[in-house]
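S.K.: Have a look at this one.
The values are calculated or read from the model by the stated rules, or taken from the named source; none is laboratory data. Predicted, not measured: the structure shown is a model, and the values here were computed from it. Note that each Cβ is placed from the backbone with ideal geometry, even for glycine, and that neighbours are counted across all protein chains shown.
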Amino acid sequence: MPDIMTTYTFLSAKPSIMTNKAPTSKRDQLFAELLTEPSQFSFNESVVDVFPDMIQRSVPGYPTVVRMSGVLSEQYAKPNTCVYDLGCSLGESIRAAEIALNDRDCQLVGIDNSAAMINRARETLGSTSKINWVLGDVTAMDYAQSSVVIMNFTLQFIPIERRLALLTKIRNAMIPGGLLILSEKLTMPDPEMDALMINLHHDFKRSQGYSDMEIAQKRDAIDNVLIPETAATHLDRLASAGFSRTSVWFQCLNFASFIAVA
Ligand code: GEK
């Protein structure tokens, strides 16, 4: 029997959209011990082992964003085009799209530059899905004609000076009327509201069982790795990249998701 303290059933008691059975993920305790040296966060094997539990307990609204990635894909995906998930991790969002598309003739592609993530996604979903798993840097890819591009919580890890070029490349590969779903951690323009949101996010993490020490050590480890920007900066950049219509469709605390129509 798995230990209830170390095993966590992802997306509650319902069958996961990922595998249609209830998968388990080890509980994230990566920052539970006092670290003797500062460490920089990376998407390595130990993170992959606890990733479903980590993202679910760290990103408020994550299950909604995943589920809606399927709903939105269903509306926008066109036959004979690609549906991409950039920074796909273990493939939750592209799998939601695959289920929603129900055998529509689209090419589903999940890209991630962490070999540990891509290998695990392929192992877990390889036999039950038609998703193509690609190991690579999303800024260095050539994109085929696409109707839907999902980028959930990935742009925040790309150096700021490369974000516009990436979005422009994505936009140029999209068919007119195609949809980009972009989800990001945000910073608030008003410093006091920013501090309030950061505190509320930490309250959310505490409510999910993280200790103050875990929250503080994770924050230190991810500080220079995840660079959030304001919603206005994202919307302006999406317009500069050539998207014709943009909107925030979801926000929970300092985590938001945008849609942008090509
Ligand atoms: C989900 N979208 O579950 N190229 C490719 N992948 C990258 C790059 C890059 N340059 N930089 C970072 N990544 C997922 C969650 S997690 C978000 C996305 C989080 C990848 C990185 O390896 C990781 O798998 C993912 O982006 C970010 O819906 O952990 O906060």
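S.K.: Go through the range 31-63 residue by residue and tally those that are surrounded by fewer than 16 Cβ atoms within 10 Å (Cβ to Cβ) and either within 23 Å of E123 (Cβ to Cβ) or at pLDDT 80 or above (or both).
M.R.: 4
S.K.: OK, next. Check R237, R219, R206 and return the single one that is modelled with pLDDT under 95, surrounded by 15 or more Cβ atoms within 10 Å (Cβ to Cβ) and either over 23 Å from V138 (Cα atoms) or over 18 Å from the mean Cα position of the chain (by Cα) (or both).
M.R.: Just a single option satisfies the conditions, and that option is R219.
S.K.: Among E192, E184, E229, E161, which is farther than 29 Å from Q107 by Cα and surrounded by 13 or more Cβ atoms within 10 Å (Cβ to Cβ)?
M.R.: Of the residues listed, the single one that is farther than 29 Å from Q107 by Cα and surrounded by 13 or more Cβ atoms within 10 Å (Cβ to Cβ) is E229.
S.K.: Return the total of residues in the range 144-194 being of a type in the set (S, T, N, Q) and under 22 Å from G61 (Cα atoms).
M.R.: 5
S.K.: Next up: Return only the number of the condition from (1) polar (S, T, N, Q); (2) more than 13 Å from the ligand (Cβ to nearest atom); (3) modelled with pLDDT of 95 or more; (4) over 22 Å from F243 (Cβ atoms) that Q145 does not satisfy.
M.R.: Here Q145 meets the rest and fails (4).
S.K.: D137 versus (1) more than 11 Å from the ligand (Cβ to nearest atom); (2) surrounded by fewer than 16 Cβ atoms within 10 Å (Cβ to Cβ): which is the lone unmet condition?
M.R.: Unmet for D137, out of (1) more than 11 Å from the ligand (Cβ to nearest atom); (2) surrounded by fewer than 16 Cβ atoms within 10 Å (Cβ to Cβ): (1).
S.K.: Counting only residues that are under 26 Å from D49 (Cα atoms), touching a residue at least 40 places away in the same chain (Cβ under 8 Å) and acidic (D, E), give me the helices (runs of 4 or more DSSP H) lying completely in the range 74-184 with at least 1 of them.
M.R.: Here the list reads 92-101.
S.K.: I'd like to verify a number: residues in the range 187-235 that are of a type in the set (S, T, N, Q) and assigned to a helix (DSSP H, G or I), how many?
M.R.: Count: 4.
S.K.: One residue is enough: does the range 60-71 have a residue meeting the conditions within 22 Å of M141 (Cα to Cα), outside any loop (DSSP other than H, G, I, E, B) and more than 8 Å from the ligand (Cβ to nearest atom)?
M.R.: no
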